[in-house]
Amino acid sequence: SIYIFQRATGHLVHHIADMPNVIYELAWSPDGRYLAAGLGGKNGIRVFRSGDYAPIGQDRDYGSLVYGLDFDRQGRLVTSSYDGSLRLYQVGPDGLKLLNKKTAPGGKRPVGVRFSPDGLKIAVGFYDVPAVSLLSADSLDFIAAPEVRGIRKDAGLPVVSWSADGSTLFAGGT
């Protein structure tokens, strides 16, 4: 289940029940209109409209759990899955549309995915290797792999984040 609470009061606003598996990740669109959920197993993602929390789209075509979700300001949603794939969607009033799907370059288990503040790049962090990949946010094509220093070879960097101005990329993990 997903429980939505009012931040100021702590009151329960809505309850989304009957989810088919564990929820690994939640992400709000920047405008607050949509909520995406990444699910365990091979259950993929679900996207809900925040006004009434009605489902507007889903994609069950995943080979494993979904650990990463992020929206950009254009209404695009990027996801990462332990099936090794990244998916890019357009989310809007007409639902969820798959724009692209590619194997993540740099590791076998992509986790963290974040759009850069300008919406031009996506950073991907991995659970299985100490690597980060930068991709084009339009095509999911590989751009670069930032140099990573001072981390064990058997560690991962599953958490990625950009500074507000996009000039610095942060990564962390085990």
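Structure values in brief
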item: Cα gyration tensor category, rounded, prolate or oblate, for region 89-146 with a/c compared to 1.5; result: prolate
item: Heavy atoms of VAL159: accessible area, 1.4 Å probe, square angstrom to 10; result: 90 Å²
item: Share of carbon and sulfur in the accessible heavy-atom surface of region 66-119 [1.4 Å probe, %]; result: 45 percent
item: Gaussian network model of the chain, springs between alpha carbon atoms under 10 Å - residue of ARG33, ARG73, ARG152 with greatest fluctuation; result: ARG152
item: Å² per residue, accessible surface of region 73-174 at 1.4 Å; result: 51 Å²
item: Rounded if a/c under 1.5, otherwise prolate or oblate - region 62-174, Cα gyration tensor axes; result: oblate
item: Residues in region 24-65 that a label on ASP18 would reach, taking backbone N under 12 Å of a point 7 Å out along Cα→Cβ; result: 55
item: Rounded, prolate or oblate (a/c below 1.5 giving rounded, otherwise prolate when a/b exceeds b/c) for region 1-127 by Cα gyration tensor; result: prolate
item: Nearby lysines by direct alpha-carbon distance to LYS101 (threshold 18 angstrom, same-chain neighbours under 8 apart not counted); result: LYS42, LYS121
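The values are calculated or read from the model by the stated rules, or taken from the named source; none is laboratory data. All values derive from a computational prediction rather than experimental measurement. In this analysis, Cβ positions are derived from the backbone assuming ideal geometry, glycine residues included, and neighbour counts consider all displayed protein chains. With ligands, DNA and RNA removed, areas are computed over all heavy atoms of the protein, side chains included. Shrake-Rupley method; radii C 1.70, N 1.55, O 1.52, S 1.80 Å.
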